[in-house]
Amino acid sequence: MVSEQQPSAIEGAKVLMVGAGGIGCELLKTLALSGFRDIHIIDMDTIEVSNLNRQFLFRQSHVGQSKAKVARDAVLKFRPDISITSYHANVKDPDFNVDFFKQFNVVMNGLDNLDARRHVNRLCLAAVVPLIESGTTGFLGQVTVHIKGKTECYECQNKPAPKTYPVCTITSTPSKFVHCVVWAKDLLFAKLFGPKNQENDLNVRSSDSSSSSEQVEDVFEHKNGEEIEQYARKIFDHVFGYNIELALSNEDTWKSRGRPRPIYCKDVMPTEHVHQNGNQGRGSAAGDMASVSAMTTLGLKNPQDLWSLKENAAVFLEALKLFLSKREKEIGNLSFDKDDQLAVELVTAAANIRATSFGIPLHSLFETKGIAGNIVHAVATTNAVIAGLIVIEAIKVLENDVKNYRMTFCLEHSSNKMLLMPVEPFEANKSCYVCSETPLTLEINTHRSKLRDLVDKIVKAKLGMSSPLIMQESTLLYEVGDDLDEGEVANYAANLEKVLSELPSPVRGGTILTVEDLQQELKCSINIKHREEFDEEKEPDGMVLSGWTQAQAAEKNSKVSADNGASTSGASQAASTVPEDEDDDDDLQIILPPVPGKKRKLSDVTATSGVPSAAKEPKIKRKAEEINGDKDIVMLDDGNIVKKGEA
Amino acid sequence: MDGEELTEQETALYDRQIRVWGADAQRRLSKSHILVSGLKGSVIEFCKNIVLAGVGSVTLNDDRLVTEGLLSANFLVPSDPNAYTGKSLAELCSDSLKDFNPMVRVSVQRGELSNFDVDFFHKFDAVVISSCSLSTKKSINEKCRKSLKRIAFYTVDCRDSCGEIFVDLQDYIYTKKKEDETIECHIVYPTLEEAISAPWKSLPRKVSKLYLALRVIEKFEELEGRSRGETSAADLPEVQKLRKELCDTQSHAESQIPDALLERLLKGRTEFPPVCAIIGGILGQEVIKAISGKGDPLKNFFFFDATDGKGIIEDIGNPKPK
């Protein structure tokens, strides 16, 4: 495969890039230099300062503008004679339907989130267009090829779910700093500034005493005429003092753990109004979100510094006061945003004060921001390497050079002398509900669960469908869309609130539901099994989906046991999830190193097609051994690099 | 840690990479000076990477006037020929590179690389050489070695869809993290001369074919008095002869240097941009490691061939342990 030998396949190709971020900028440049002449690029994001260290097509002056458009303009400057079409839009928009995808010879992803990746995977499968998928984190990266009927699809293997923590770890027994960050962000911040009527039964308090909820509401309510300073101190004492005292009263909890220390405002900041600076700032230009900062008012400069308890307390009080005085209008509608300086300050201070109570080491604002915002580590060099590898695969795909398709892993430490490790693509998973027609099974209490539970917890959360349609035989139970008439809308809304067995066309054990997403052109069947009881800790959704997905999840549960109890992000337990919101400008990485004996190579598939499956078994290769003797496999777990075999 | 703190502006701009290599490494980077000579595709990629990473300064050396052929894998120079008449490649590239990161000083050093003396190289922390003869590479490597401070030395060569990086960090001490502990490591590099004149018998088993093929072609260019890369498929018979001679004297199997590979390397004069991106990316990473003193550096060759997709590290030419 040499550049000059087959210019025609490249020149005649029409290609789609999804994502104009870290990988996208590099990819667009390399495609243009390599002779691609018709490139379409979709990205919904606008440019931010923290992009500029690696997204080299963007400049300071472009901050706030469309990534797709600026990238296009920048590349046309050195290759003006090619065609680049930019779309400042979400790839999940209905305009980008199967017909849209069909016009391309190959689709290349440089995306930052699982949701969009799954969506593009489905559209590529439906349109029968080859997909090249990629991702990077720090020095690690990978490129994979997905072609319907030839290799596995992007969803044939399970992707690591966002890390979750048992609720009680967050509310009562934190042992790591991340627990304190989750508490500060998902509980405290949400309680202070989020919607008042949150469907969230987790109080900031650590005790579960049933009478407490009203009292908590009282504490958090900022009454008319109440001094801001006084309110801030009251909140401080309540969450860092009173709540800890309450938790301490439950002796059983502390038999095997260190007892936390309640922290009261007066002990840390003895005199009131230590800083009057909050008031001084009041006259200055308000409104600019970025300019409101507790660090600035308190004269704290370096975000990498560790703050003392006193400094954390000062930041907490100051940030809280600034929210109430400068950003009052937003209160009630705020959710945590890693680019909101004041929010990061408040969460950092709160997490550190809580960490102090529990004897957990403190962290800087810089570090806390990374944890709270789930910021993906990113460097330009890895993105450049990965983009080069994507183009090499794209050219092979255009030449239909099937036997040379590779997925490639970019490693931090060489493995068997290899820094870039190519592996033959895996065969499709025969029981993948996305690219095969294998039915799924859902165990559910059909007398108690409502259709809404099924839509939210299974169809949307697990199957990743965004505009689903649910049918039982020929009866439509649920559907979304702009073209529904009023009667249908009302009908479906009513259905959502009904328990399954009481639907117009009842859903019971033995029923087969058809679930379909018209945009993704994905359709699957779900066999319903009625089950009376579910384990609240282990099956918090109150339903269990099985098929290929659950098989692995169950395996995991049994290994991880107790600590992973509340591992699903069902609404009732939602507080325990670490950031589900992935960073919006980086390249989320999901490295899936080869697992021994799990998958077949593409060559085995082609060699044995038509042979009964039993006969194929001996051909299964132990991939990991073959590639690297099982040493030094690099794998990614929530942004943490885990090196196996190096211990 | 030595030196002043990063500014607010630096912390904001470099946020994502500081999360990878830390603030100390970023501070060291911002004080480092890099010399780059021979602005071909892979080196252009490298320049982009280190300017984005925030080194202190980059000095470009390439007096060639711009022609279309020189720009096949260059994204720094606008396509308008009026914009580049009369300017050297280094001058044109420097204009664009400055734009990538205003915090990095980018300048041009005119002149023939082989004429610069030890004092000149002494100003730099890392020197990257490409597009020049083997003898020039060797002489610069020696000059870098003579300097009182340690200068990281690299050569890059891309032919067809293959690339080679050579690294000489001399006597190198660095730190790395192992199981939450920071440990200090010490490695000793051979010079370029030592690395390419290693007896083939002593080479690692299954050494990259590219290593051998590139040595044959380098030797061919040297004997014929050709400039680097000034070859074509028509040279194959002569190169095959040379291969036989070398293999005979080194008692090595000729089959380890296949005709097809030699032919590709001889005729592939156009750069293959994806390989430039890969080689420039790996090289950028290595220079960042060497300057920051963090992480295992590559020792001492890296090879990439797009036909098999493998990126391989070879450790060649170490002096025998005493």
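When the range A:293-317 is examined, which residues are found to be part of a helix (DSSP H, G or I) and away from chain B (no Cβ under 14 Å)? Let's see the steps before the verdict.
Of the range A:293-317, the ones part of a helix (DSSP H, G or I) are A:294-298, A:309-317.
Hits for the range A:293-317 are A:A294, A:T297, A:L298, A:L309, A:K310, A:E311, A:N312, A:A313, A:A314, A:V315, A:F316, A:L317.
With the condition being at the interface with another protein chain (Cβ under 9 Å from one of its Cβ atoms) and either more than 19 Å from the chain's Cα centre (by Cα) or not aliphatic (A, V, I, L, M) (or both), I'd like the helices (runs of 4 or more DSSP H) fully within the range B:227-297 carrying at least 1 qualifying residues. Break it down stepwise before answering.
Values: elements: B:236-250, B:259-267, B:273-292.
It comes to B:259-267, B:273-292.
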Practice item. Looking only at the range B:256-270, decide whether some residue is buried (at least 20 other Cβ atoms within 10 Å of the Cβ), at pLDDT below 95 and small (G, A, S). Key: yes
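On the given criteria, is A:A554 at negative phi, modelled with pLDDT under 90 and among the small types (G, A, S)?
Answer is yes for this residue.
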Point to revise | Where A:F240 falls short, out of the listed (1) under 31 Å from the mean Cα position of the chain (by Cα); (2) at pLDDT 80 or above; (3) in a loop (DSSP other than H, G, I, E, B); (4) not polar (S, T, N, Q) | key: (3)
Point to revise | Where a residue in the range A:526-550 is at pLDDT below 85 and its partner, wherever it lies, is assigned to a strand (DSSP E or B) and surrounded by fewer than 17 Cβ atoms within 10 Å (Cβ to Cβ), with Cβ under 8 Å and at least six apart | key: A:S546/A:T441; A:G547/A:T441
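How about the range B:299-322: which of its residues are within 9 Å of chain A (Cβ to nearest Cβ) and in contact with a Ser or Thr (Cβ under 8 Å, 6 or more places away or on another chain)?
As a first pass, look at the range B:299-322 and keep what is within 9 Å of chain A (Cβ to nearest Cβ): B:302, B:304, B:306-315.
Across the range B:299-322, the qualifying residues are B:A306, B:T307, B:G309, B:I312, B:I313, B:E314.
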Check your understanding: How many residues, within the range A:74-90, are buried (at least 21 other Cβ atoms within 10 Å of the Cβ) and more than 13 Å from chain B (Cβ to nearest Cβ)?
Key -> 3
Revision key, fill the gap. All-but-one check, B:K149 against (1) basic (K, R); (2) touching a strand residue (DSSP E or B) at 6+ places or on another chain (Cβ under 9 Å); (3) in contact (Cβ under 8 Å) with a residue 12 or more places away in the chain, failing number (2)
Study note, to complete from the structure: Going through the range A:61-115 in order, the residues found to be over 25 Å from A:I10 (Cα atoms), assigned to a loop (DSSP other than H, G, I, E, B) and in contact (Cβ under 8 Å) with a residue 60 or more places away in the chain are A:K92, A:P94, A:D112, A:N113
Revision key, fill the gap. Selection from the range A:400-424 of residues in a loop (DSSP other than H, G, I, E, B), within 12 Å of another protein chain (Cβ to nearest Cβ) and either over 27 Å from the mean Cα position of the chain (by Cα) or over 30 Å from B:K176 (Cβ atoms) (or both) yields A:D401, A:Y405, A:N416, A:K417, A:E424
Practice item. May I ask you to say which residue of B:I18, B:I34, B:I44 is at pLDDT 95 or above and out of contact with any strand residue (DSSP E or B) (no Cβ under 7 Å at 6 or more places or on another chain)? Key: B:I44
Exercise for review: Kindly indicate the residue of the range B:34-79 that is more than 8 Å from chain A (Cβ to nearest Cβ) and charged (D, E, K, R) and also surrounded by the fewest Cβ atoms within 10 Å (Cβ to Cβ) among those meeting that condition.
Suggested key: B:E68
Point to revise | Residue that is crowded, with 18+ Cβ neighbours inside 10 Å, touching a helix residue (DSSP H, G or I) at 6+ places or on another chain (Cβ under 6 Å) and more than 10 Å from chain B (Cβ to nearest Cβ), where the choices are A:A32, A:A71, A:A116 | key: A:A71
Exercise for review: Output the number of residues of the range B:300-316 satisfying the condition of being assigned to a loop (DSSP other than H, G, I, E, B) and surrounded by 22 or more Cβ atoms within 10 Å (Cβ to Cβ).
Suggested key: 3
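Do we have any residue at all in the range A:260-268 that's at pLDDT below 85 and either surrounded by fewer than 16 Cβ atoms within 10 Å (Cβ to Cβ) or not in a loop (DSSP other than H, G, I, E, B) (or both)? Before the answer, list the steps.
Of the range A:260-268, the ones at pLDDT below 85 are none.
There is no residue in the range A:260-268 that is at pLDDT below 85 and either surrounded by fewer than 16 Cβ atoms within 10 Å (Cβ to Cβ) or not in a loop (DSSP other than H, G, I, E, B) (or both).
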Review point. Looking at (1) surrounded by 23 or more Cβ atoms within 10 Å (Cβ to Cβ); (2) within 27 Å of B:A233 (Cβ to Cβ); (3) in contact (Cβ under 8 Å) with a residue 24 or more places away in the chain, which is the one condition that is false for B:G284?
Key: (2)
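Here's the yes/no breakdown for (1) free of Cβ contacts under 8 Å to residues at least 40 places away in the same chain; (2) of a type in the set (K, R); (3) in the same structural domain as B:L134 (by TED's automatic domain parsing); (4) farther than 24 Å from A:T382 by Cβ:
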residue	(1), (2), (3), (4)
B:A12	yes, no, yes, no
B:V20	yes, no, yes, no
B:K48	no, yes, yes, no
B:P78	yes, no, yes, yes
B:P81	yes, no, yes, yes
B:Q109	no, no, yes, yes
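Looking at A:N302, A:N333, can you tell me which residue is surrounded by fewer than 24 Cβ atoms within 10 Å (Cβ to Cβ) and farther than 14 Å from A:F189 by Cα? Before the answer, list the steps.
Working: A:N333 fails: farther than 14 Å from A:F189 by Cα.
Answer to the selection: A:N302.
Quick one: is A:R327 in contact with a Cys (Cβ under 6 Å, 6 or more places away or on another chain), over 23 Å from B:S42 (Cα atoms) and either modelled with pLDDT of 90 or more or within 9 Å of chain B (Cβ to nearest Cβ) (or both)?
Details: in contact with a Cys (Cβ under 6 Å, 6 or more places away or on another chain): no; over 23 Å from B:S42 (Cα atoms): yes; either modelled with pLDDT of 90 or more or within 9 Å of chain B (Cβ to nearest Cβ) (or both): yes.
Considered against the rule, which asks whether it is in contact with a Cys (Cβ under 6 Å, 6 or more places away or on another chain), over 23 Å from B:S42 (Cα atoms) and either modelled with pLDDT of 90 or more or within 9 Å of chain B (Cβ to nearest Cβ) (or both), A:R327 comes out as no.
Every residue, every condition in (1) surrounded by fewer than 22 Cβ atoms within 10 Å (Cβ to Cβ); (2) without any contact (Cβ under 8 Å) to a residue 24 or more places away in the chain; (3) outside the structural domain of A:G24 (by TED's automatic domain parsing); (4) not aliphatic (A, V, I, L, M), yes or no:
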position: A:I390; (1), (2), (3), (4): no, no, no, no
position: A:E393; (1), (2), (3), (4): no, no, no, yes
position: A:V397; (1), (2), (3), (4): no, no, no, no
position: A:V402; (1), (2), (3), (4): yes, no, no, no
position: A:Y405; (1), (2), (3), (4): no, no, no, yes
position: A:M418; (1), (2), (3), (4): yes, no, no, no
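The values are calculated or read from the model by the stated rules, or taken from the named source; none is laboratory data. All values derive from a computational prediction rather than experimental measurement. Don't worry about glycine lacking a Cβ; one is built from the backbone with ideal geometry, like all the others, and counts go over all protein chains shown.
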